[in-house]
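**Student:** My questions all concern the structure below.
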Amino acid sequence: MDLATFLVQCLNAVQYGLLLFLLASGLTLIFGIMGVINLAHGSFYMLGAYLAFALSPLFGNHFLSMLLTGMVLAAVFGYALEWLFFSYLYQRDHLQQVLMTYGLILVFEELRSMLVGNDVHGVPIPAWLSGSFSLGGIMQYPWYRLFASAACIVLAVALYVVVNRTRLGMMIRAGASNRDMVRGLGIDIRRLYRVVFAAGVALAALAGMIAAPMASVYPNMGASVLIICFVVVVIGGIGSITGALVASLLVGFVDTFGKVFFADLAGLGIYVLMALVLIWRPEGLMGRRA
């Protein structure tokens with residue numbers, strides 16, 4: 001492998017890892033902080049992809065406006081969904097959470113089939129992000145993939161600032177540690193969870209909107225990312241945003257270079273990584289020790 005090819009694969013690994021972080025961070029908020037096993041998280045990723053397909057003809061080359069509009073719509077949807085369904089799950093066991101969220105997967109898939117059919121759709125890359133730049137004088141790398149990485153970095157920094165440097169983030173972290181104490185201090189924990197859930201849905205939908213021009217839009221696309229998201233959350237440590245970022249980048253490199261060097265065994269790489277991490281640190285890379 002020459003240097004240019006190696007650099008391209010590194011960029012692909014970082015881009016995939018950052019996009020995976022954007023998706024997994026939403027699951028970290030919902031699963032790690034709220035304690036809900038949300039099997040429907042992949043459906044929110046699919047929702048974002050289909051939002052990109054529906055909104056792209058309306059916004060044309062105003063891609064950033066489309067992303068912002070899609071995030072707002074997804075957050076409103078997540079807020080309503082938490083109020084209607086998920087708010088009843090916090091005091092119930094994990095089996096009921098799994099059953100209800102799996103039922104939501106079936107509902108979302110049926111609605112998707114009724115509204116847009118079962119065809120594969122493409123989302124055009126905006127003109128200002130089309131084309132590629134030279135890498136090493138031989139290889140070409142698409143501008144859109146570089147934009148996707150930059151957008152994910154901006155969102156990662158913003159998420160870190162919100163969680164660690166704001167009053168809302170302080171309440172979220174406190175609610176994750178001791179929700180009864182937070183409730184005793186007069187904070188409306190249900191409204192706080194509603195905001196957290198809406199943010200998780202918005203992040204997953206944004207990941208789907210960014211990925212749509214690269215990976216197309218197709219039925220059951222959420223199922224392909226759900227297990228990997230749980231792998232990232234487990235490797236990084238349940239409830240840790242920083243751990244999700246580190247784990248996403250590790251998974252990105254293992255998966256990308258595994259496909260290059262061990263194509264027949266590439267699918268096993270991330271699960272071997274998870275097993276090794278859990279043997280070394282059962283609570284995950286950034287998880288709390290018991």
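The values are calculated or read from the model by the stated rules, or taken from the named source; none is laboratory data. Fair warning: this is a prediction, and the values are worked out from it, not measured in the lab. FYI the Cβ positions are ideal-geometry reconstructions off the backbone, even for glycines, and counts take in every protein chain you see. Protein only, heavy atoms only, side chains kept; ligands, DNA and RNA dropped before computing areas. Shrake-Rupley method; radii C 1.70, N 1.55, O 1.52, S 1.80 Å.
**Student:** If I ask for residues that are surrounded by fewer than 16 Cβ atoms within 10 Å (Cβ to Cβ) and touching a Ser or Thr at 6+ places or on another chain (Cβ under 8 Å), which ones from the range 83-120 would you list?
**Tutor:** V120
**Student:** Could you run through the range 121-139 and say how many residues are out of contact with any Ser or Thr (no Cβ under 7 Å at 6 or more places or on another chain), assigned to a loop (DSSP other than H, G, I, E, B), at negative phi and surrounded by 12 or more Cβ atoms within 10 Å (Cβ to Cβ)?
**Tutor:** 3
**Student:** Same structure, new question: In the range 189-198, is there at least one residue being closer than 30 Å to F6 by Cβ, open to solvent by 40 Å² or more (accessible area, probe 1.4 Å) and at pLDDT below 90?
**Tutor:** Looking for residues that are closer than 30 Å to F6 by Cβ, open to solvent by 40 Å² or more (accessible area, probe 1.4 Å) and at pLDDT below 90, one finds none in the range 189-198, hence no.
**Student:** If I ask for residues that are open to solvent by less than 50 Å² (accessible area, probe 1.4 Å) and either without any contact (Cβ under 8 Å) to a residue 12 or more places away in the chain or acidic (D, E) (or both), which ones from the range 216-257 would you list?
**Tutor:** D255
**Student:** Okay, next question. Within the range 156-213, work out how many residues are within 14 Å of G26 (Cβ to Cβ) and without any contact (Cβ under 8 Å) to a residue 24 or more places away in the chain.
**Tutor:** 2
**Student:** Further question: Could you grab me the full set of residues in the range 1-19 that are of a type in the set (A, V, I, L, M, F, W, C) and either open to solvent by 70 Å² or more (accessible area, probe 1.4 Å) or not in a helix (DSSP H, G or I) (or both)?
**Tutor:** Correct list: M1, L3, F6, L7.
Rundown of residues vs (1) assigned to a loop (DSSP other than H, G, I, E, B); (2) of a type outside the set (K, R); (3) within 23 Å of S216 (Cα to Cα); (4) touching a residue at least 12 places away in the same chain (Cβ under 8 Å), yes/no style:
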site: Y79; (1), (2), (3), (4): no, yes, no, yes
site: Q91; (1), (2), (3), (4): yes, yes, no, no
site: Y141; (1), (2), (3), (4): no, yes, yes, yes
site: R145; (1), (2), (3), (4): no, no, yes, yes
site: C152; (1), (2), (3), (4): no, yes, yes, yes
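**Student:** Further question: Condition test on A74, is it surrounded by 15 or more Cβ atoms within 10 Å (Cβ to Cβ), out of contact with any His (no Cβ under 9 Å at 6 or more places or on another chain) and among the hydrophobic types (A, V, I, L, M, F, W, C)?
**Tutor:** yes
**Student:** Further, regarding this structure: Go through (1) more than 13 Å from the chain's Cα centre (by Cα); (2) within 26 Å of I125 (Cβ to Cβ); (3) of a type outside the set (K, R) and name the single condition I210 misses.
**Tutor:** If we test I210 against (1) more than 13 Å from the chain's Cα centre (by Cα); (2) within 26 Å of I125 (Cβ to Cβ); (3) of a type outside the set (K, R), just (1) comes out false.
**Student:** If I filter the range 162-188 down to residues being surrounded by fewer than 17 Cβ atoms within 10 Å (Cβ to Cβ) and under 21 Å from F230 (Cα atoms), which single residue comes out as nearest to the chain's Cα centre (by Cα)?
**Tutor:** Among those that are surrounded by fewer than 17 Cβ atoms within 10 Å (Cβ to Cβ) and under 21 Å from F230 (Cα atoms), it is R173.
**Student:** Looking at the range 16-53, which of its residues are within 22 Å of L64 (Cβ to Cβ) and more than 13 Å from the chain's Cα centre (by Cα)?
**Tutor:** Residues satisfying the conditions are Y50, L51, A52, F53.
**Student:** Determine if the range 243-253 includes at least one residue that is at pLDDT below 90, polar (S, T, N, Q) and under 14 Å from L20 (Cα atoms).
**Tutor:** Checking the range 243-253: not a single residue is at pLDDT below 90, polar (S, T, N, Q) and under 14 Å from L20 (Cα atoms).
**Student:** Suppose we filter G60, G26 for residues that are buried (at least 17 other Cβ atoms within 10 Å of the Cβ) and either in contact (Cβ under 8 Å) with a residue 60 or more places away in the chain or acidic (D, E) (or both); which single one remains?
**Tutor:** G26 is the lone residue from the list that is buried (at least 17 other Cβ atoms within 10 Å of the Cβ) and either in contact (Cβ under 8 Å) with a residue 60 or more places away in the chain or acidic (D, E) (or both).
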